[in-house]
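Only one structure is covered here, and it is reproduced in the block below.
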Amino acid sequence: MSFATVPMTPARLTRFALAAALTLAACGGDESNAAELQGVWLAEAYGSVLEVREDEVRSYELTSAHCLLADVDGPFDAAYVALGEGGTTLRERIARHGAMQQGPLHRRIDALPERCAEGQRLPLAGEAGYARDARADFELVVDTFRELYVGFEPRGVDWDAHAAEVRATLSDAPTDEEMLLALLALIEPLEDSHVAIAAGDDEYGYYRGPTLVERLTDAWVSENGPITNDAAYAAYVEATGAALAEIAALRESYAAGPVGRDRSGTMKWFRTADDLGVLLVDGMSGYGGSEDLEADLDAVEAALEDAFAALAGVRGMVVDVRSNGGGYDAVSQLIARRFLDRERMLYTKEARLGDGFDARDEIRLAPTANAFTGPVVVLTSRATVSAAEVFTMMMRELPHVTLVGEATQGALSDVLSRTLPGGFGFDLANEAYRTPSGEWFEGPGIPPDVVAEHGIDRSHDAGLERALARLAGG
């Protein structure tokens, strides 16, 4: 088990709130459609209510007992919102280059739930009627996980028993520091990299190791001793950063010619001396230079065109996602399409609803015109996370693909972000991604066919060598 402090940016960008999380391009949704969107919409499996008014969208977060107004934003662009079932369902959807990104399914309801009405809902800090109650905030976290979190069973956690143990450590009026420590203790046994506590500009959470960073940390501490002060921490950060950069660059030493790359440097490609192709994919977002999803998809599609042109005719291909922390599912879909042998249903996705699940989505993709169907190795590690795991799960369905490396992180669900009245925030996972045959890898991760550790040896890349040898018949 490992602890991480990261910038307050969701580890998974695939969950986006209808009201505000995407800044949509102005494509001119017509006024009649915009009028049809007005009303109240409930996504029960996400604890989400949208109140769509003519000039604004109000986003509420709720449990069975509580509700709070989390956000008020301007009107959203109706061009990206799909109404279904005779105008009774609403879903944000962006389709581009044969891939699709979509938000939670909301169903029209007659009126706001009573607990969301003004005077009934929980006031936030700074609002009229707010009185700090850290213990009540703690209980809201406990209740939200109990009702929405998807991973208790695969992660082997008795939530109510564990919450009772942590609750017993709280004072009558916990300070912010006590509250943060209690919330971290609450989420620790989940070891879920999509579960986090937000405090100020930071998010704190845990992940399953060992990862490359954890191995480098252990090596540094073994050589230099424990990190006990700021100077030691600074030295550790500098040394670990340099080692990570060196290990990442080592992969390019296997190129027999020029190394191609997209403009962001997130994707690179080259041919080896044995005429094998290597595609390095270090993220599923960040390609377009902005937070615009469509720009990302356009940039990825352009990069893939360049990569597959440069790798045309190779005998086999390695796709390295060992250092890929995730991003958009739609980016994963764009890359997977390049390897499909035929149209396939590649995975399903459904949100927890009570003791069962809400409506199931089936994700079906068609191959590109120049899809590569020769031998492929997907190289994975414990740092293959989220949308990168979705990519791995899709590729695993193909008969010409072998997985080499380590089990992935086991955090496939989108991130559901929540607000607490006292100012803290938290993330949880509420969705199950499954293979067409029903396999579910939340928690343990996706296992490799051939084991190869993502090691710290900077003289050679043993994992990449194992993948290339597999393609060469070794």
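Some values worked out for this structure:
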{"quantity": "Residue satisfying condition, being surrounded by fewer than 19 Cβ atoms within 10 Å (Cβ to Cβ) and closer than 29 Å to LEU216 by Cα, within set ALA411, ALA467, ALA452, ALA462", "calculated": "ALA462"}
{"quantity": "Qualifying residue in segment 185-198 (condition: farther than 24 Å from TYR149 by Cα and either buried (at least 18 other Cβ atoms within 10 Å of the Cβ) or over 16 Å from the mean Cα position of the chain (by Cα) (or both))", "calculated": "no"}
{"quantity": "Every residue from segment 460-474 that is modelled with pLDDT of 95 or more and in a loop (DSSP other than H, G, I, E, B)", "calculated": "HIS460, ASP461"}
{"quantity": "Enumeration of residues in segment 357-380 that are at pLDDT below 95 and either touching a helix residue (DSSP H, G or I) at 6+ places or on another chain (Cβ under 7 Å) or in a strand (DSSP E or B) (or both)", "calculated": "ASN370"}
{"quantity": "Segment 407-442: number of residues that are more than 30 Å from SER59 (Cβ to Cβ), touching a Gly at 6+ places or on another chain (Cβ under 8 Å) and in contact (Cβ under 8 Å) with a residue 40 or more places away in the chain", "calculated": "2"}
{"quantity": "Subset of segment 267-279 [surrounded by 23 or more Cβ atoms within 10 Å (Cβ to Cβ), of a type in the set (A, V, I, L, M) and either under 14 Å from ALA312 (Cα atoms) or without any contact (Cβ under 8 Å) to a residue 40 or more places away in the chain (or both)]", "calculated": "LEU276, VAL278, LEU279"}
{"quantity": "ASP218 being modelled with pLDDT of 95 or more, on the phi > 0 side of the Ramachandran plot and either among the charged types (D, E, K, R) or not in a loop (DSSP other than H, G, I, E, B) (or both)", "calculated": "no"}
{"quantity": "Where a residue in segment 224-241 is in contact (Cβ under 8 Å) with a residue 12 or more places away in the chain and its partner, wherever it lies, is surrounded by 10 or more Cβ atoms within 10 Å (Cβ to Cβ) and assigned to a loop (DSSP other than H, G, I, E, B), with Cβ under 8 Å and at least six apart", "calculated": "TYR236/ILE227"}
{"quantity": "Conditions (1) closer than 23 Å to VAL415 by Cα; (2) touching a residue at least 40 places away in the same chain (Cβ under 8 Å): number failed by GLU36", "calculated": "(1)"}
{"quantity": "Filter pass, LEU50 being surrounded by 13 or more Cβ atoms within 10 Å (Cβ to Cβ), modelled with pLDDT of 95 or more, of a type outside the set (Val, Ile, Thr) and under 29 Å from the mean Cα position of the chain (by Cα)", "calculated": "yes"}
{"quantity": "Test: residue in segment 125-141 that is crowded, with 19+ Cβ neighbours inside 10 Å, over 17 Å from TYR60 (Cα atoms) and not acidic (Asp, Glu)", "calculated": "yes"}
{"quantity": "Test for ALA452: is it without any contact (Cβ under 8 Å) to a residue 12 or more places away in the chain and among the aliphatic types (A, V, I, L, M)", "calculated": "no"}
{"quantity": "The listed residue being surrounded by fewer than 23 Cβ atoms within 10 Å (Cβ to Cβ), under 15 Å from LYS268 (Cβ atoms), touching a Phe, Trp or Tyr at 6+ places or on another chain (Cβ under 9 Å) and not aromatic (Phe, Trp, Tyr), out of ALA303, ALA310, ALA295", "calculated": "ALA310"}
{"quantity": "Verdict on THR408 being modelled with pLDDT of 95 or more and either in a strand (DSSP E or B) or touching a His at 6+ places or on another chain (Cβ under 7 Å) (or both)", "calculated": "no"}
{"quantity": "Residues being in a loop (DSSP other than H, G, I, E, B), of a type outside the set (Gly, Ala, Ser) and surrounded by fewer than 22 Cβ atoms within 10 Å (Cβ to Cβ) - total across segment 426-447", "calculated": "5"}
{"quantity": "Of residues in segment 66-103 being part of a loop (DSSP other than H, G, I, E, B) and modelled with pLDDT of 95 or more, the one surrounded by the most Cβ atoms within 10 Å (Cβ to Cβ)", "calculated": "HIS66"}
{"quantity": "Failed item in (1) touching a residue at least 24 places away in the same chain (Cβ under 8 Å); (2) among the hydroxyl-bearing types (Ser, Thr, Tyr); (3) surrounded by fewer than 24 Cβ atoms within 10 Å (Cβ to Cβ); (4) in contact with a strand residue (DSSP E or B) (Cβ under 9 Å, 6 or more places away or on another chain), with SER264 passing the rest", "calculated": "(4)"}
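The values are calculated or read from the model by the stated rules, or taken from the named source; none is laboratory data. Quick caveat, the model's predicted, so the values are computed rather than measured. Reconstructed Cβ throughout: ideal geometry from the backbone, glycine too, with neighbour counts over all protein chains shown.
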